[in-house]
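Heads up: the structure comes next, in structure tokens.
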Ligand SMILES: Nc1ncnc2c1ncn2[C@@H]1O[C@H](COP(=O)(O)OP(=O)(O)O)[C@@H](O)[C@H]1O
Ligand SMILES: [Mg+2]
């Protein structure tokens, strides 16, 4: 599964021509770029020249010079792997002490090397901070936060956001599932618009009954209704000169939609109970996680308002449709929570990262952020491993199945012994909130055994 994506450069230091060629050919077949060296001295030059991700050294090319080379390069940014015959086992152990990541016994099983190599390189890069993607700053002065994304769809969004900065009056509609970053984008638009000196004001249109929402938006005059003891300014007035963010616009009561449309079009409104028009100058940004078109066809949303809002539509894709962004965001949140929680987690293990990319993310970026925070809070290792992730992510089982596992208690269901074992193990890991040491202790098995079992379940 992992084997087919060797995308890095490796130097093979091997004195024996046939072995060198066969290892080289096997690595190339997997997509690696291979440079061969016949001796440590030759290797040194090649390493300087090509700056490989990994070096594979056969200790039998001369123990002493080989170990000197290991000493020079291990612990830096290069993954050092050793090959050693039985006689050279002591030297290999010495090499590992010097910082070589691993040694393989002879005869060389190239398949075995290929199985672990990509993971080792990836893990190494994370540990040594070799790979960090640069955040894309859309400029959010208020929160001083970054909006990240390297997915082409997100880059297109950033392009539109930057363009909108020049037209402070245009209305924007942001569509996307919950947690994709709609509010963040709305703020980015506001804070990027230099012409908007006013405030960013937000309201959730689904949070209030119609009459309260109306006076919240437009304010009211003194005596407009029984409780209106004083005049009150509405959010439209407060946001004048800036931005009014209308979240969950699809939930806005239909009778208010006409009033809103009029305000957007004329930039004038009346307070509730008022007689004269008040002029405002603001940008409206609406957001929705429902399909407004469908709401229109169901007569829950006014057609004319929909078209007025839809002048500049921005669609934020769900996280599962921008896989490349997942590790970028995860790394960003790791940095963030490291600072926030005074921790020093260095990154994700390759398998944890893979899982994050396979998971469905119904709660999108918000859910990813929570998962990372939880992992950092609960764990003390320096890498986030598979076992630090919630069970539905680490095992790939849906919440439905997890629920079934939890509910089965009373009813007898005939299953095989190994299935019973599997369920017991998964339940215990869940009960221990992913803490493998605790789960293993409770189950009366070693951590190693537990890891192996879980790996097995993952694979099936
Ligand atoms: N591209 C992104 N880069 C960094 N953080 C993001 C990004 N998208 C969303 N977030 C974070 O995810 C969380 C949810 O974003 P939010 O804008 O509230 O989503 P929505 O309004 O669509 O529900 C927030 O904490 C936000 O900071
Ligand atoms: Mg929101």
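Please say if the stretch 75-115 is rounded, prolate or oblate, where rounded means a/c under 1.5 for a ≥ b ≥ c the square roots of the C-alpha gyration tensor eigenvalues, and otherwise the choice is prolate for a/b larger than b/c and oblate otherwise? If you can, show how the numbers build up before the last one.
Details: a/c = 3.44, a/b = 1.14, b/c = 3.03.
Oblate, since a/c reaches 1.5 and b/c is not below a/b.
One equal scatterer on each Cα of the stretch 3-127, no solvent, Debye formula: the resulting log10 I(q)/I(0) at q = 0.12, 0.13, 0.20 Å⁻¹ is -0.36, -0.42, -1.11. Between the Cα long axis of helix 63-73 and the first principal axis of the chain there is an angle of about 20°, rounded to the nearest 10. Given a Förster distance of 51 angstrom, what is the FRET efficiency for residue 170 paired with residue 457, based on the Cβ-Cβ distance and rounded to 0.05? The value I calculate is 0.45.
Highest mean packing comes first when the peptides 341-351, 418-428 are listed by Cβ atoms within 10 Å, giving 341-351, 418-428.
Taken over the Cα atoms of the stretch 152-315, the convex hull encloses 106 Å³ per residue.
If R0 equals 35 Å, the separation of the Cβ atoms of residue 448 and residue 204 corresponds to a calculated FRET efficiency of about 0.10.
With each label modelled as a point 7 angstrom along the Cα→C-beta vector, the residue 258-residue 233 pair spans 2.9 nm.
Between the Cα long axis of helix 254-266 and the first principal axis of the chain there is an angle of about 90°, rounded to the nearest 10. At q = 0.06, 0.08 Å⁻¹, what base-10 log of I(q)/I(0) does the Debye formula yield for the chain when every alpha carbon is treated as an equal point scatterer in vacuo? After summing over all Cα pairs, the log10 values are -0.42, -0.67. Could you work out the helix-only [θ] at 222 nm for the chain, with each DSSP H run of four or more residues adding -39,500 (n - 2.57) and the total divided by the number of residues, to the nearest 500 deg cm²/dmol? Rounded to the nearest 500, the figure is -14000 deg cm²/dmol. With neighbours defined as other Cβ atoms within 10 Å of a residue's Cβ, the residues 377, 117 order from fewest to most as 377, 117.
Between helix 110-127 and the chain, what is the angle of the helix's C-alpha long axis to the longest principal axis, kept within 0 to 90° and rounded to the nearest 10? That works out to roughly 50 degrees. For the chain, the relative contact order is 11 percent, taking Cα pairs closer than 8 Å that sit 6 or more residues apart in sequence and dividing their mean separation by the residue count. Residue separation of residue 293 and residue 72 scaled by 0.36 nm, minus their Cα-Cα distance, works out to 73.2 nm of gained length. Of the residues 201, 55, the one with the fewest other Cβ atoms within 10 Å heads the list, and the complete ranking is 201, 55.
Between residue 178 and residue 87, what FRET efficiency follows from the Cβ-Cβ distance if R0 is 45 Å, with the result rounded to 0.05? If you can, show how the numbers build up before the last one.
Values: r = 62 Å, r/R0 = 1.39.
Calculated value: 0.10.
Readers should treat all values here as calculations from the given coordinates under stated rules, not as data from a laboratory. Just so it is clear, the model here is predicted, and its values are computed rather than measured. All Cβ positions, even for glycine, are placed from backbone atoms using ideal geometry, and neighbour counts span all protein chains on display.
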